[in-house]
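J.: Sending over a structure as structure tokens; questions will come in a sec.
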Amino acid sequence: MNCNIAVIKGDGIGPEVVTQAMKILDAVGEKYGHTFNYEQLLMGGCSIDVHGVPLTDEAVARAKASDAVLLGSIGGNTSTSPWYKLPPEKRPEAGLLKIRKELGLFANLRPAYLYEQLKAACPLKEEIANKGFDMMIMRELTGGLYFGSRKTEEIDGVMTAVDTLTYNENEIRRIAIKGFDIAMKRRKKVTSVDKANVLDSSRLWRKIVEEVAKDYPEVTYEHMLVDNCAMQLVKDPAQFDVVLTENMFGDILSDEASMITGSIGMLASASLNETKFGMYEPSGGSAPDIAGQNKANPIATILSAAMMLRYTFDLDKEADAIEHAVKQVLIEGYRTCDIVSEGTTLVACDEMGDLIKQRI
């Protein structure tokens, strides 16, 4: 297969971890007879430095012309970076919001899986970690508070900020369908998370999810308020299969879920539109404090590349090979600095990439 991939290495540790993912893809291509063609694009702070904007229209057009996008990390340190002195629409994250919207990437898939070998790194009680967990957080990505109208103005002598949270039934229905479809391939359970005791948008969310659920009689589903879900994630994460939720709630809950796996550096993600096109990226940030030091954990980005093979290119065998190689390296005791523990072997970012490549 000939696969055309738009590569956005981004800022901070992005270039380091994406380079390792490309190394793994090339190893897969060599073994299984595929060709991966890369076109590198700029987005985020690096694009601001070159073009004065976080994402150019040309970059969007070139991304649309590809089969998939492999993304690193966007942004820098909000307290020291000159990028954050710019207006909100010119900051690095504006590029991320723009590309999601332009590519129609409304469904964000964030798996949270606790590897047996990393239970010691899980911050939860031993009896909770020993039960393990394997969940998929389905986050609506192009609606809600992050995309609503906003303004800051002086009203009666008082500075007042307004952010608007809006969802329509079509936006809710399409993400709910994706969530139930994925649940059918997993353990057939959906937990729909909202704040229906307070928000009108959540009451509509709950109504539409119940309508969609009628088309999936094999899937059991439940509603859960977001504050309770945040508590249950640290109390009993094994109860979850597919967690279906809106944009801001999903942003927060997926980061919480990532940390109970032992490190956010282990968490892949995929953002899909209504076709097989997707953008694949690690769940973590740009970590500017360790950028350029060869300390970053590339596993999340490598696993994101595996998700790309599975969801965009239907290369399940090849995706399985990457996931097996990652697990084998962990079994053998190799760790980057974020997951190292007594009795394991500390390796650098590029060394971890080499070890996984050797096991493909």
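The values are calculated or read from the model by the stated rules, or taken from the named source; none is laboratory data. Since this is a predicted model, take the numbers as computed values, not measurements. Virtual Cβ from ideal backbone geometry, glycine too; neighbours counted across all protein chains shown.
Let's see how each residue does on (1) aliphatic (A, V, I, L, M); (2) touching a strand residue (DSSP E or B) at 6+ places or on another chain (Cβ under 6 Å); (3) modelled with pLDDT of 95 or more; (4) under 30 Å from PRO87 (Cα atoms):
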site: ARG139; (1), (2), (3), (4): no, yes, yes, yes
site: ALA161; (1), (2), (3), (4): yes, yes, yes, yes
site: MET184; (1), (2), (3), (4): yes, no, no, no
site: ALA196; (1), (2), (3), (4): yes, no, yes, no
site: LEU199; (1), (2), (3), (4): yes, no, yes, yes
site: VAL209; (1), (2), (3), (4): yes, yes, yes, no
site: HIS223; (1), (2), (3), (4): no, yes, yes, no
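J.: Quick check on this structure: which one of VAL53, VAL18 is touching a helix residue (DSSP H, G or I) at 6+ places or on another chain (Cβ under 8 Å) and closer than 30 Å to GLY179 by Cβ? Show your work before the answer.
T.: On the way: VAL53 fails: closer than 30 Å to GLY179 by Cβ.
That would be VAL18, the only listed residue that is touching a helix residue (DSSP H, G or I) at 6+ places or on another chain (Cβ under 8 Å) and closer than 30 Å to GLY179 by Cβ.
J.: Which residue, of SER192, SER202, SER269, is touching a Lys or Arg at 6+ places or on another chain (Cβ under 6 Å) and assigned to a strand (DSSP E or B)?
T.: Selected residue: SER269, the only one of SER192, SER202, SER269 that is touching a Lys or Arg at 6+ places or on another chain (Cβ under 6 Å) and assigned to a strand (DSSP E or B).
J.: If we keep just the residues of segment 64-86 that are in a loop (DSSP other than H, G, I, E, B) and modelled with pLDDT of 90 or more, which is surrounded by the most Cβ atoms within 10 Å (Cβ to Cβ)?
T.: Result: ILE74.
J.: Looking at (1) among the aromatic types (Phe, Trp, Tyr); (2) touching a Leu at 6+ places or on another chain (Cβ under 9 Å); (3) over 20 Å from THR142 (Cβ atoms), which one does PHE106 not meet, given that it meets all the others?
T.: With (1) among the aromatic types (Phe, Trp, Tyr); (2) touching a Leu at 6+ places or on another chain (Cβ under 9 Å); (3) over 20 Å from THR142 (Cβ atoms) applied to PHE106, the lone miss is (3).
J.: Is at least one residue of segment 32-42 without any contact (Cβ under 8 Å) to a residue 60 or more places away in the chain and part of a loop (DSSP other than H, G, I, E, B)?
T.: Yes.
J.: Do we have VAL60 as in contact with a Lys or Arg (Cβ under 8 Å, 6 or more places away or on another chain), of a type in the set (A, V, I, L, M, F, W, C) and surrounded by 23 or more Cβ atoms within 10 Å (Cβ to Cβ) here? Break it down into steps so the answer makes sense when it comes.
T.: Values: in contact with a Lys or Arg (Cβ under 8 Å, 6 or more places away or on another chain): yes; of a type in the set (A, V, I, L, M, F, W, C): yes; surrounded by 23 or more Cβ atoms within 10 Å (Cβ to Cβ): no.
No, not satisfied.
J.: Using the structure shown, decide if PRO282 is in the same structural domain as VAL60 (by TED's automatic domain parsing), crowded, with 24+ Cβ neighbours inside 10 Å, more than 23 Å from TYR32 (Cβ to Cβ) and at pLDDT below 95.
T.: Values: in the same structural domain as VAL60 (by TED's automatic domain parsing): yes; crowded, with 24+ Cβ neighbours inside 10 Å: yes; more than 23 Å from TYR32 (Cβ to Cβ): yes; at pLDDT below 95: yes.
Against the criterion (in the same structural domain as VAL60 (by TED's automatic domain parsing), crowded, with 24+ Cβ neighbours inside 10 Å, more than 23 Å from TYR32 (Cβ to Cβ) and at pLDDT below 95), PRO282 qualifies.
J.: For residues that are assigned to a helix (DSSP H, G or I) and free of Cβ contacts under 8 Å to residues at least 40 places away in the same chain, scanning just segment 156-171, find the one that is surrounded by the most Cβ atoms within 10 Å (Cβ to Cβ).
T.: Going residue by residue through segment 156-171, those that are assigned to a helix (DSSP H, G or I) are 169-171.
Applying the additional criterion that residues be free of Cβ contacts under 8 Å to residues at least 40 places away in the same chain yields 169-170.
Values: GLU169: 12, ASN170: 9.
By that ranking, first place goes to GLU169.
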